[in-house]
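Structure, as structure tokens:
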Amino acid sequence: MSELLKKIDARTKLAGTNKLEILLFSLGHDQRTGRKEVFGINVFKVREVMRTPEITSAPEMPSSVEGMVSLRGALVPVIDLAKYAGIVTSNRPEIMIVTEYNGHTQGFLVEAVDTILRLDWSAMRVPPDMITNRMAGLVTAVTELENGTLVMMMDVEKVLAETSIIDDGHSFINIEPVKEERRIFFADDSAVARKQIERTLEAMNIRYTSAINGMRGWEDLQKMAQQAEAAGRKLSDELHLVLTDVEMPEMDGYMLTKMIKSDPRFAGIPVLMHSSLSGSSNQKLGESVGVDSYVSKFEPQKLASKLRQMLKLEPSS
């Protein structure tokens, strides 16, 4: 099993190349459809892969949370991804993918893992409505392999948000609106993340425009730059910050940052990277392509604080 993860060290060279490496896994044959779906997860989020250990059941957990396991002295929640995705299989999942992102560690039960595949983000497409509806928004991107296999990138942030028993409603209570008028642009492919960003910005009284991935974001930003240029205005007077996710189909956040920083029309507009890839190595990758600062996802207070700092804002009270 460890052989699968030996390629992960090479991932640090991918920043700014619009490439990613994904671990392919399956959840088994769906008895209702007869299909065996193949999913992918960014190897940045994979800590290890192991045989499913003994799981201790825990009370008052969502139905797809099987329980807890002890890994090196830490209790880790274990999620049955087939149950979560509504896939009915007859086999017990034999493999656990231990993931670490957004400061949380959790185990994902799967039927089998296949291989690590290097792809270009441009090969990852926004999922068609048919897949989005069938998978209840669980898939953020799809790609087709040379053998015709369809691979779906699972929105693991959505999984974490919906299987956690933590109520994040209090996270927005103490976010104060600001005096100055500011406008930011953000790009994120996760519907859960976009909603949380919107709630934070609305609490701060900051205007925003958004896109569902880096490619759409770059297209929108170019239009804004063209309009400002045609009107003889500086874009930095109208757009004050770009907030970007890392993992996005078609164009990732590293490449989006690289494009922004290489275009003089965006001079003076800082880029804030907002990602669940919370390791220090990922922050260094962002810095290598010109990211001005970094903040972890799903922490509205930290996002609000970082925005105040970068935009030099004061509370309205």
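The values are calculated or read from the model by the stated rules, or taken from the named source; none is laboratory data. Just so you know, these numbers come straight off a predicted model, no measurement behind them. Reconstructed Cβ throughout: ideal geometry from the backbone, glycine too, with neighbour counts over all protein chains shown. Quick note on the areas: whole protein, heavy atoms, side chains included, nothing else; ligands and nucleic acids left out. Shrake-Rupley method; radii C 1.70, N 1.55, O 1.52, S 1.80 Å.
Quick look at the numbers
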item	result
Accessible surface, 1.4 Å probe, highest first, among residues LYS312, LYS195	LYS312, LYS195
Fraction of accessible area attributable to carbon and sulfur, the chain (%, probe 1.4 Å)	48
Pairwise label distance in nanometres, ALA267 with MET61, each label 7 Å out on the Cα-Cβ vector	5.6
Gain upon complete extension [SER70, ARG51; 0.36 nm per residue less C-alpha separation]	5.5 nm
Shape of region 13-108, Cα gyration tensor, a/c cut at 1.5	oblate
Accessible surface, the chain, averaged per residue in Å² (probe 1.4 Å)	46
Entry for Kirkwood radius over Cα pairs in Å (calculated from the structure that is shown) out of (1) 19.5; (2) 25.1; (3) 20.6	(3)
5 angstrom amide H check on VAL38, placed H, neighbours 5+ away	MET152
Chymotrypsin sites (Phe, Trp or Tyr not before Pro) lying in DSSP loop within region 89-125, provided at most 15 other Cβ fall within 10 Å	none
Share antiparallel - DSSP beta bridges, the chain, percent rounded to 5	65
Spacing of the two label points (7 Å from each Cα toward its C-beta) at ALA230 and THR132, in nm	2.8
For region 124-241: rounded, prolate or oblate by the Cα gyration tensor [a/c cutoff 1.5]	oblate
Cα shape, region 221-306, gyration tensor, a/c 1.5 rule	prolate
Given charges at Cβ of Lys, Arg, Asp, Glu: the chain dipole, positive-most of GLY137, THR105, MET204	MET204
Euclidean distance of C-alpha centroids, region 126-155 and region 170-241, integer Å	27
Efficiency of FRET from Cβ geometry, SER288 and ARG199, R₀ 22 Å, rounded to 0.05	0.10
